[in-house]
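Chemist: Dropping a structure here in structure tokens format, bear with me for questions.
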Amino acid sequence: MLSQPFQSSFKLSDGQEVIIETGRLARQADGAVTIRQGNCIILATVVAAKEPREGQDWFPLTVDYNEKFAAAGRIPGSFFKREGRLNDYEILISRLIDRALRPLFPEDYFCDVQVLVTLVSSDPEVMPDSLACLAASAALAVSDIPIKEIISEVRVARVDGEMVVNPKRSDLAKADMDFIIGATEKNLMMVEGESQECSEEDLVKALQLAHDAIRIQIKAQQELRDKVGVKGKREYALPEQNEELKAKVIAFSKDRLYQVAVGGTAKHERSEAFKLIKDELLASLPEDTTDEHLKLAKKYYEDLQWEVVRHMILDDRKRLDGRKLDEVRPLNMETDVLPAPHGSALFTRGETQSLTTVTLGTPLDELLIESAATSDYSKFILHYNFPPFSTGEVKPMRGPGRREVGHGNLAMRSLKQMMPGSDYAYTVRVVSDILESNGSSSMATVCAGSLALMDAGVPLPKHVGGVAMGLITRSSDNKYAILTDILGDEDHLGDMDFKVTGTRDGICGVQMDIKIDGLSMDVMREALEQARKGRLHILDAMYEAMPAAREEVKPHAPRMEKLIIDKEFIGAVIGPGGKVIQEIQKETGTTINIEEVGTFGEVSIFSTNKESVEKALKWVKGIVAVPQVGEVYEAKVKTIQPYGAFVEFLPKKEGLLHISEISWKRLETMEGVLKEGDIVKVKLIGLDPKTGKFKLSRKALMPKPESRPKPQE
């Protein structure tokens, strides 16, 4: 076992022990720890360059979470049988760690830092994502890398009405709230999660419970650091400062920046005005100004712009585009905007726009989602695309980045709360293409996705909407401003940005990043209430555009019928080697999927043609039908014999239509009466007690002729 010289531990509320160890593994890293809960073991390492790269003026932090399939005794299913690049699940956990750690590094620290977190042993009941940030923070705590505070993350879920910290995987499946929360000893740093329409107060309670649990984990990290003997953090070269140059930048730019900020102009007009001031500032500097000082002047200018806009919002209670603090930008939304997709919507909010489509597929289109411990299929897929033209930029088009994966996941988790259950046979794919962006395109995706799903006829009971909020604070006089529906610039200059999605009745998803110390729960409650009002405003407009889901899918969308059959008939529908089901699909032009669910079989039939679906449905019903004496059937003549005809009245079920049962009239021969391939209506009148064969009658469906009167003598 991976025991190590230095160890500390703590217990979760259910009594499970979590052990943090360091000292023997990965000793050449600046910091390395293992976290163990049950059989789950996570190794975290951290290494920081001693010097920043030449010309570096931003903080290059890399966080990668990776799961080894060997940790769960599995071989990867890829062609190369080895782990490839990070999958979406690993990227999402990497983002959870990154978002909590990044604000805790000094603003003037520009050395490369790499945090690698690896699952090396898996426990089927332990969720590793709730331990990953604890591992990363502990590795930093036992190193000399200059991070300002120790943090941790926990999961809080509500299971059977009770809030639980880091629940077991089996319990999490029953949860109606699921949030990951990161915090320092004093302050919340990050929140991400979903819920089935929880209230704002329920969320606050989850945050408070999480913070109490995190403080225990921080104490365990401090104890481990003390045992290791870490005395302090390394010194690093501070960036050059020039107070005289800084004063010149302020004197030249401050008033001009304020005039642009209060102008209430559109994004590109405002950006051009800010750029013009910057260009004029640099042109005003002496010709012999060095490149280093020019770079420094640009930094001072950007810092001043950040400060001027913040003070304007706090003091004037006015925003960059002229809106009130709680005002949502103009809304415009349309559905059924594209003729070919199964559902579509165009959602525009100010200068942010999402064109979203919905495609309905069969169970064969389900998405396989693999981690080391699990292999699950998802029938609801959402992809988010952010092309460079949406912000007027030129960039190479590559695969989706971490931001796209994170934004798409938030929208997917939010809309998933209103999706129909497992009895809904369609696989549903939502694709959001951001055509224009100036703040919270992820929330535009949620709104457009909800509209497009209803346009496609997916039976969502309620619309899901979302709004992005911001917070700006000033510690010198305790002033703060909560902003509804933030712009891209407001996101950059704010102290907190949080996205809240939900219905009229509660919260479905939250993503929150906090960059300041000392955020009180009272301010949090106020921000959540303002977010609720903003969300309701947007939802009202969504209901006007699309009051409810279409009752039927569109004519060109796949038609679907589902039939529940007894488990014993599954083999009969499939046939030997799939012969029967393949014949049905070929003859009817449908796609058929059969799943065994408990003691029943679910037969799902898909086709874009309604008649094809009905034909296949009738065929399957015939296979699974139990012949009932007295029932009437349409039968096909298979063979003619001197004594009658053998007919198929249900698929693979034949019976004898005796010559005496064809007509009330006595027939001497079968010649010219019926021929092979004829369709006749017959009634099942019984079973031959000797042979067990079905006895059929045609004459039983005919009126009996009246008896002729006897001739008088």
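The values are calculated or read from the model by the stated rules, or taken from the named source; none is laboratory data. Keep in mind the model is a prediction, meaning the values are calculated, not measured. Here Cβ is always computed from backbone atoms with ideal geometry, including for glycine, and neighbour counts include all displayed protein chains. Accessible surface areas use protein heavy atoms only, side chains included; no ligands, DNA or RNA. Shrake-Rupley method; radii C 1.70, N 1.55, O 1.52, S 1.80 Å.
Chemist: Looking only at segment 223-242, which residues are open to solvent by less than 70 Å² (accessible area, probe 1.4 Å) and of a type in the set (A, V, I, L, M, F, W, C)?
Modeler: Leu224, Val228, Val230, Ala237
Chemist: Look through segment 457-509, keep the residues that are touching a residue at least 60 places away in the same chain (Cβ under 8 Å) and assigned to a helix (DSSP H, G or I), and return whichever of them is most open to solvent (accessible area, probe 1.4 Å).
Modeler: It comes out as His492.
Chemist: Would you please list the contacts, defined by Cβ atoms under 8 Å and residues six or more apart or on different chains, that run from a residue in segment 160-178 that is without any contact (Cβ under 8 Å) to a residue 40 or more places away in the chain to a residue that is open to solvent by less than 50 Å² (accessible area, probe 1.4 Å) and of a type in the set (Ser, Thr, Tyr)?
Modeler: From segment 160-178, the pairs are Asp176/Ser195; Met177/Ser195; Asp178/Ser195.
Chemist: Among the listed residues Asp433, Asp505, Asp455, Asp491, which satisfies the condition of being among the acidic types (Asp, Glu) and modelled with pLDDT under 95?
Modeler: Asp491
Chemist: In addition: Being in contact with a Leu (Cβ under 9 Å, 6 or more places away or on another chain) and closer than 30 Å to Asp336 by Cβ is the filter here; which residues of segment 556-573 pass it?
Modeler: Within segment 556-573, Ala557, Pro558, Met560, Glu561 meet the criteria.
Chemist: Working carefully through the options Glu51, Glu21, Glu17, find the one that is of a type in the set (Asp, Glu) and either in contact with a His (Cβ under 9 Å, 6 or more places away or on another chain) or surrounded by 19 or more Cβ atoms within 10 Å (Cβ to Cβ) (or both).
Modeler: Exactly one of Glu51, Glu21, Glu17 is of a type in the set (Asp, Glu) and either in contact with a His (Cβ under 9 Å, 6 or more places away or on another chain) or surrounded by 19 or more Cβ atoms within 10 Å (Cβ to Cβ) (or both), namely Glu21.
Chemist: Name the residue, out of Asp291, Asp255, that is acidic (Asp, Glu) and modelled with pLDDT under 90.
Modeler: Asp291
Chemist: Just name the residue that is farthest from Asp566 (Cα to Cα) out of those in segment 599-614 that are part of a helix (DSSP H, G or I) and either touching a Phe, Trp or Tyr at 6+ places or on another chain (Cβ under 6 Å) or open to solvent by less than 90 Å² (accessible area, probe 1.4 Å) (or both).
Modeler: Among those residues, the one meeting the criterion is Ser612.
Chemist: Now a separate question. Considering each of Val204, Val230, Val249 in turn, give the residue that is farther than 30 Å from Glu280 by Cα, modelled with pLDDT under 95 and out of contact with any Lys or Arg (no Cβ under 7 Å at 6 or more places or on another chain).
Modeler: Only one candidate passes the filter, namely Val230.
Chemist: Cβ-Cβ under 9 Å, sequence separation 6+ or interchain: first residue in segment 523-544 and aromatic (Phe, Trp, Tyr), partner buried (at least 17 other Cβ atoms within 10 Å of the Cβ) and not in a helix (DSSP H, G or I). Which pairs?
Modeler: Qualifying pairs under 9 Å: Tyr543/His463.
Chemist: Regarding segment 202-216, can at least one residue be identified that is among the β-branched types (Val, Ile, Thr), farther than 23 Å from Asp505 by Cβ and not in a helix (DSSP H, G or I)?
Modeler: So far as segment 202-216 goes, no, none of its residues is among the β-branched types (Val, Ile, Thr), farther than 23 Å from Asp505 by Cβ and not in a helix (DSSP H, G or I).
Chemist: Would you tally the residues in segment 65-82 being open to solvent by 40 Å² or more (accessible area, probe 1.4 Å) and touching an Asp or Glu at 6+ places or on another chain (Cβ under 8 Å)?
Modeler: Qualifying residue count for the region: 2.
Chemist: Give the residues of segment 669-679 that are in contact (Cβ under 8 Å) with a residue 40 or more places away in the chain and open to solvent by less than 50 Å² (accessible area, probe 1.4 Å), sorted by residue number.
Modeler: Of everything in segment 669-679, those that are in contact (Cβ under 8 Å) with a residue 40 or more places away in the chain and open to solvent by less than 50 Å² (accessible area, probe 1.4 Å) turn out to be Gly677, Asp678.
Chemist: Counting only residues that are within 21 Å of Ser414 (Cβ to Cβ) and among the basic types (Lys, Arg), which one in segment 499-524 is nearest to the chain's Cα centre (by Cα)? Don't jump to the end; show me each part of the working.
Modeler: Narrowing segment 499-524 to residues within 21 Å of Ser414 (Cβ to Cβ): 499-514, 524.
Pick out the ones that are also among the basic types (Lys, Arg) and you get 499, 504.
Details: Lys499: 14, Arg504: 20 Å.
So the residue we want is Lys499.
Chemist: How many of the residues in segment 136-175 are open to solvent by 20 Å² or more (accessible area, probe 1.4 Å), outside any loop (DSSP other than H, G, I, E, B) and basic (Lys, Arg)?
Modeler: Total satisfying the criteria: 2.
Chemist: I've got another one for you. What do you reckon, is Ile516 at negative phi, surrounded by fewer than 24 Cβ atoms within 10 Å (Cβ to Cβ) and aliphatic (A, V, I, L, M)?
Modeler: Here the answer is yes, as Ile516 does meet what is asked.
Chemist: Let me ask another. Scan segment 683-694 for residues that are surrounded by 18 or more Cβ atoms within 10 Å (Cβ to Cβ) and either in a helix (DSSP H, G or I) or among the basic types (Lys, Arg) (or both) and jot them down. Quick ask: steps written out before the conclusion?
Modeler: We begin by selecting, within segment 683-694, every residue surrounded by 18 or more Cβ atoms within 10 Å (Cβ to Cβ); these are 683-684, 694.
Listed by number, the list holds a single entry, Lys683.
Chemist: Check segment 402-420 and report whether any residue there is at positive phi, open to solvent by 10 Å² or more (accessible area, probe 1.4 Å) and either touching a strand residue (DSSP E or B) at 6+ places or on another chain (Cβ under 9 Å) or in contact (Cβ under 8 Å) with a residue 12 or more places away in the chain (or both).
Modeler: Kept after step one, since they are at positive phi, are these residues of segment 402-420: none.
Among the residues of segment 402-420, not one is at positive phi, open to solvent by 10 Å² or more (accessible area, probe 1.4 Å) and either touching a strand residue (DSSP E or B) at 6+ places or on another chain (Cβ under 9 Å) or in contact (Cβ under 8 Å) with a residue 12 or more places away in the chain (or both), which makes the answer no.
Chemist: If you go through segment 538-558 one residue at a time, how many are touching an Asp or Glu at 6+ places or on another chain (Cβ under 9 Å) and either among the charged types (D, E, K, R) or surrounded by fewer than 17 Cβ atoms within 10 Å (Cβ to Cβ) (or both)? Lay out the reasoning, then the answer.
Modeler: Going residue by residue through segment 538-558, those that are touching an Asp or Glu at 6+ places or on another chain (Cβ under 9 Å) are 538, 545-546, 549-550, 554.
With the extra rule that they be either among the charged types (D, E, K, R) or surrounded by fewer than 17 Cβ atoms within 10 Å (Cβ to Cβ) (or both), the set shrinks to 550, 554.
Counting residues in segment 538-558 that are touching an Asp or Glu at 6+ places or on another chain (Cβ under 9 Å) and either among the charged types (D, E, K, R) or surrounded by fewer than 17 Cβ atoms within 10 Å (Cβ to Cβ) (or both) gives 2.
Chemist: I'd like to verify a number: residues in segment 129-159 that are within 22 Å of the chain's Cα centre (by Cα), closer than 19 Å to Cys40 by Cβ and touching a residue at least 24 places away in the same chain (Cβ under 8 Å), how many?
Modeler: Residues that pass the stated criteria total 9.
Chemist: So, in segment 343-369, how many residues would count as being in contact (Cβ under 8 Å) with a residue 12 or more places away in the chain, in a strand (DSSP E or B) and not small (Gly, Ala, Ser)?
Modeler: Looking only at that region, the number is 14.
Yes/no matrix, rows are residues, columns are (1) over 21 Å from Val626 (Cβ atoms); (2) in contact (Cβ under 8 Å) with a residue 60 or more places away in the chain; (3) β-branched (Val, Ile, Thr); (4) open to solvent by 40 Å² or more (accessible area, probe 1.4 Å):
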site	(1), (2), (3), (4)
Gly655	no, no, no, no
Lys665	yes, no, no, yes
Lys681	no, no, no, yes
Ala700	no, no, no, yes
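Chemist: Does segment 631-648 hold any residues that are assigned to a strand (DSSP E or B), open to solvent by 10 Å² or more (accessible area, probe 1.4 Å) and touching a residue at least 40 places away in the same chain (Cβ under 8 Å), and which are they?
Modeler: Of segment 631-648, the ones assigned to a strand (DSSP E or B) are 632-641, 644-648.
Filter once more, so that each one left must be open to solvent by 10 Å² or more (accessible area, probe 1.4 Å): 632-634, 636, 638-641, 646, 648.
Once the filter is applied, which keeps residues that are assigned to a strand (DSSP E or B), open to solvent by 10 Å² or more (accessible area, probe 1.4 Å) and touching a residue at least 40 places away in the same chain (Cβ under 8 Å), segment 631-648 yields Val632, Tyr633, Glu634, Lys636.
Chemist: Another question, then. Select from segment 431-456 the residues that are among the hydrophobic types (A, V, I, L, M, F, W, C) and assigned to a helix (DSSP H, G or I) and list them in ascending order.
Modeler: Met443, Ala444, Val446, Cys447, Ala448, Leu451, Ala452, Leu453, Met454
Chemist: Might you let me know whether segment 243-261 holds any residue that is in contact (Cβ under 8 Å) with a residue 40 or more places away in the chain and either outside any helix (DSSP H, G or I) or within 30 Å of Ala138 (Cα to Cα) (or both)?
Modeler: no
Chemist: Still on this structure: Residues Ala340, Ala372: which one is in a loop (DSSP other than H, G, I, E, B), touching a residue at least 40 places away in the same chain (Cβ under 8 Å), open to solvent by less than 30 Å² (accessible area, probe 1.4 Å) and small (Gly, Ala, Ser)?
Modeler: Answer to the check: Ala372.
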